[in-house]
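Let me begin by presenting the structure, written as structure tokens, before commenting on it.
The values are calculated or read from the model by the stated rules, or taken from the named source; none is laboratory data. Not measured: the values here are computed from a predicted model. Cβ atoms come from the backbone with ideal geometry, glycine included; neighbour counts cover every protein chain shown. The area values use the complete protein model at the heavy-atom level, side chains included, leaving out ligands, DNA and RNA. Shrake-Rupley method; radii C 1.70, N 1.55, O 1.52, S 1.80 Å.
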Amino acid sequence: MSLLNVQNLEVVYNDVVLVLKGLSLNVAKGSITTLLGANGAGKSTTLKAISGLLEGEDGKATSGTILYKGQPMSSKSPEKTVRQGIFQVMEGRRIFEDLTVEENLRCGAYTQPAKNFSGNLEKVYTYFPRLRERKAQLAGYMSGGEQQMLAIGRAVMASPELLLLDEPSLGLAPLLVEEIFDIVKKINKEEGVTVLLVEQNARMALSLADYGYIMENGRIVMDGKGSELLHNPDVQEFYLGLS
Ligand code: ATP
């Protein structure tokens, strides 16, 4: 069953620059779906169009449809999309540096009934024991990897149905990337959270994903099961650095 369906989406920035040029993709409920492509292809823009974060950046969807659970997305406000169950973890983490780890997690829960708080917090601390150890520390003093864990933990606090992850591996050492991807897989399997993952690290993303899309210059140019794309000679040559 489709959780999210995007059809022929066009997005323009500042009324002039056409960045998405008729993008279509489908995210099956319960899946990990990945969106890959070179710098500037429009991956982050796609996520922002879904989560309602475009407007704040002078971006506008000028045509196309975004269906969530079969219904047109009713609002372009990020707060309302969070209430509908969609949570985006932005590129570059964007945690609150002057708040403690636990205060940051508390912020993720602002749309949730108070009764869910301690259960969700325990879940996050089980997925990320490091966050439990550092719960009273100011988030700004955490390492890059720990901040990424915090950003994902904060999303889990919102009990999302659809988690949009924008380059969680950015700037992290390979071992840490594996750790983060393992946890994304667990959140998907154990919590049933559907994931749309934008990545530069195509090999890791395709190993993890049920389905993948490759975009170039504002459009999807190839799609298929993660395992199929991983073994496709064109993908290997252009995106995995093999030939
Ligand atoms: P990267 O992998 O480098 O993050 P991306 O595939 O996520 O790239 P986007 O960030 O969606 O690509 O950017 C797509 C294009 O839109 C780029 O040419 C970028 O310069 C432009 N763009 C992005 N945000 C804005 C904005 N707020 N105003 C104007 N142009 C923008």
Check: Charges only on Cβ, +1 for Lys and Arg, -1 for Asp and Glu: so what's the dipole of segment 1-145 about the Cα centre, in debye to the nearest 20?
Finding: 520
Checklist line | For the chain, Kirkwood radius (reciprocal of mean inverse C-alpha pair distance, Å) | finding: 18.2
Check: Which percent of the accessible area of segment 5-142 is formed by carbon and sulfur heavy atoms (probe 1.4 angstrom)?
Finding: 50
Item checked: Degrees between helix 117-127 axis and first principal axis of the chain (Cα, 0 to 90, nearest 10) -> 70
Checklist line | Per-residue [θ]222 nm for the chain (sum of -39500 (n - 2.57) over DSSP H runs n ≥ 4, rounded to 500) | finding: -10500 deg cm²/dmol
Note to self: Could you compute how much accessible surface TYR127 exposes when probed at 1.4 Å, giving the result in Å² to the nearest 10?
What the structure shows: 30
Margin query: Can you find, among PHE128, LEU197, PRO168, the residue sitting farthest towards the positive end of the charge dipole of the chain, where Lys and Arg contribute +1 and Asp and Glu -1 at Cβ?
Written below: PHE128
Notebook entry, point to check: With the dipole of the chain worked out from charges on the C-beta (+1 for Lys and Arg, -1 for Asp and Glu) around the Cα centre, which of ASN26, GLN236, PRO72 lies farthest toward the positive end?
Noted result: PRO72
Notebook entry, point to check: Share of segment 148-214's accessible area from carbon and sulfur, percent, 1.4 Å?
Noted result: 52
Item checked: Over the chain, relative contact order from alpha-carbon pairs under 8 Å, at least 6 apart, % -> 27
Notebook entry, point to check: With +1 on each Lys and Arg Cβ and -1 on each Asp and Glu Cβ, how big is the dipole of segment 187-243 about its Cα centre, in debye rounded to the nearest 20?
Noted result: 20
Check: What residue among ALA151, CYS107, GLN88 has its Cα farthest toward the positive end of the dipole of the chain, where the charges are +1 on Lys, Arg and -1 on Asp, Glu, each on the Cβ?
Finding: CYS107
Margin query: Please give the charge dipole size of the chain, origin at the Cα centre, charges +1 on K and R Cβ atoms and -1 on D and E Cβ atoms. Round to the nearest 20 debye.
Written below: 660
Next item on the list: Could you provide, to the nearest whole Å², the per residue accessible area of segment 42-111 with probe 1.4 Å?
Entry: 50
Notebook entry, point to check: In degrees from 0 to 90, rounded to the nearest 10, what is the angle of the helix 144-156 Cα long axis to the longest principal axis of the chain?
Noted result: 90
Margin query: How large is the accessible surface of MET204 in square angstrom, using a 1.4 angstrom probe and rounding to the nearest 10?
Written below: 50
